[in-house]
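Only one structure is covered here, and it is reproduced in the block below.
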Amino acid sequence: MATKRTPVTSQHDEDVDFIKTLADDVNGALKTDALMIGEDSGDDGVPYWVLTGIPQLDFAVGGLSHPGFPGARITEVYGAEGTGKSTLVVLLVKCAIEQMGAIAAYQDVERVLTPEIIKGSGINMNKVMRGQPDTLEEVFDQQEAILDILYKKSPDKPVVMATDSIAACSTKSEIEGDMDDQQMAPHARLMSKGLRKIKSPITDSKVLSLWVNQTREKIGQAFGDKDGTFGGKAMAFYASVRIKLTKIKTLKKDGKGNDPYGCTISAKVIKNKVAPPLKEVTYDILFIQDENGSYPRIDVEGAVLDWCKDNNLIGGGTGRYEVNGKSLYKEQARQELLADPDLMEEMVKLAYSVAKPVEDE
């Protein structure tokens, strides 16, 4: 027998007035503006987006409406060794400085920022505060101090903070204790506590928060994904974007021989709170040797060429790309873009022209 429902009369205006009055009374009792109503409530959204110049990755992270990596959010980049985690994060730091005029802080726990990588990446280290903390306590203390002071000095200044990496950090209890001391998950507990403390400052100070992590094989896992990450599950909970990097191919000259010149990386967006998740893209990392030394570099030019061709923004036959009125093989097209910054800028604009802003949807 169906239940007879009582007709509901619309009392929207009365409810709104009552809720506003209630919120004002509670705020008055608490002597704060703890409760907010309507458009003033909740998250202000993403204040800015940082483009890497790798269209495939930017659209996978931010979606068609706003490609790029989100500010005021935590992003975790993780994977096995040799997958270009630090290379991607260094690129993001550089792009945030150039595009947003961001204040940069790089916590180089692994000591990966060699002079060759710095020169090859093109980062102006005079614009980067570089720390080398040894413990997780120092990592969070440094971030807290930077964000607290910066918020007082310039609350609207964009900030990019990178920690490389979680897995390289010890805890004070480990350093001060003996090797045979038994401790129950000190990293996991400290990560959870630290992220709880800095999550609000990250939002308030509009921080592009980047964390590098490593995979660990789950013991006794028979089915499903056997890879876990270092430091427990706190980062997986607090991160808005989690990207897993995997090396899928080594690039060799003529496809053979023992002279690798790069590798192909798969980037899968495992978690995404700013766009649809589980997108997977690929790009190349090249091993560069030039006057700056030997260092890895993401093939941004090749990624732009592939994206434009895949989206029919430029023509080209099998293995060829139409660039600057010429039909070229990929390496020739890359060199053309490297030699002509203005042409590269045009190609980048063309690549991101497929974006569909929210107001146009």
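The values are calculated or read from the model by the stated rules, or taken from the named source; none is laboratory data. What you see is a predicted model; the values in this text were computed from it and never measured. Neighbour counts run over all protein chains shown; Cβ positions are idealised from the backbone, glycine included. Side chains included, ligands, DNA and RNA excluded: accessible areas come from the protein's heavy atoms. Shrake-Rupley method; radii C 1.70, N 1.55, O 1.52, S 1.80 Å.
Here are a few things to note about the model shown:
- Percent of Cα pairs in the range 134-208 per distance bin of 10 Å, from zero to the largest separation: 17, 46, 25, 10, 2.
- Within the chain: Cβ-based charge dipole about Cα centre, in debye rounded to nearest 20 (Lys, Arg +1; Asp, Glu -1): 920
- Between Thr215 and Gly79, Ala80, the built amide H atoms are under 5 Å apart, and every one of these is 5 or more places off in sequence or on another chain.
- Expressed as a whole percent, the accessible surface of the range 202-308 that belongs to carbon and sulfur atoms is 50, based on a 1.4 Å probe.
- Per atom type, the range 60-140 shows carbon and sulfur on 51% of its accessible surface, probed at 1.4 Å.
- Label point distance in nm, Lys356-Asn126, each placed 7 Å from Cα along Cα→Cβ: 4.5
- Residue with peak Gaussian network fluctuation, the chain [Cα springs, cutoff 10 Å], from Lys271, Lys233, Lys247: Lys233
- Using only alpha-carbon positions in the chain, the gyration tensor eigenvalues give semi-axes of 39, 30, 22 Å once each is multiplied by 5 and square-rooted (largest first).
- Of the complete DSSP H runs in the chain, those spanning 18 angstrom or more by Cα along the long axis with a mean Kyte-Doolittle score not below -1.0 are 12-30, 85-100, 136-153, 186-204.
- Nearest-0.05 FRET efficiency for Asp148 and Asp25, computed from C-beta distance (R0 30 Å): 0.40
- Theoretical FRET efficiency, 1/(1+(r/R0)^6), r = Cβ-Cβ of Arg216 and Leu251, R0 45 Å, to 0.05: 0.95
- Reduced Cα scattering model of the range 39-190, Debye log10 I(q)/I(0), q = 0.18 Å⁻¹: -1.21
- Kirkwood hydrodynamic radius (C-alpha pairs) into Stokes-Einstein, the range 285-361, 37 °C and 0.692 mPa s, D in µm²/s: 242
- The residue among Val241, Cys263, Pro277 whose Cα reaches farthest toward the positive pole of the charge dipole of the chain, with charges on the beta-carbon of Lys, Arg, Asp and Glu, is Cys263.
- Estimated [θ] at 222 nm from DSSP helical runs (n ≥ 4, -39500 (n - 2.57)) normalised by residues in the chain, nearest 500: -11000 deg cm²/dmol
- Normalised by the number of residues in the range 193-286, the mean separation of alpha-carbon contacts (under 8 Å, six or more apart) gives a relative contact order of 19 percent.
- Of Tyr106, Tyr321, Tyr283, the one that fluctuates the most in a GNM where the chain has Cα springs shorter than 10 Å: Tyr321
- Taking a straight line from the alpha carbon of Lys253, these lysines sit under 21 Å away, with near neighbours fewer than eight places off in the same chain left out: Lys330.
- Each Cα pair under 8 Å and six or more residues apart adds its separation to the average, and for the range 237-337 the resulting relative contact order is 16 percent.
- Remark: the range 147-248 carries 56 Å² of accessible area per residue (probe radius 1.4 Å; ligands, DNA and RNA excluded).
- For Lys20, the lysines whose Cα comes closer than 18 Å to its Cα, not counting residues fewer than 8 places off in the same chain, are Lys31.
- Lysine-lysine proximity count for the range 92-202, Cα under 20 Å, sequence distance 8 or more or distinct chains: 13
- Shape analysis of the range 217-295 based on the Cα gyration tensor places the equivalent ellipsoid semi-axes at 31, 17, 14 Å, largest first.
- Sequence-separation-based contact order of the chain, relative, with Cα cut under 8 Å and 6+ spacing, percent: 19
- Contour minus Cα-Cα distance for Leu35 and Lys349 (0.36 nm per residue): 108.8 nm
- Simple rule: put +1 on each Lys or Arg Cβ and -1 on each Asp or Glu Cβ in the chain, find the dipole, and look at Leu251, Gly293, Ile37; the Cα lying farthest toward the positive end is Leu251.
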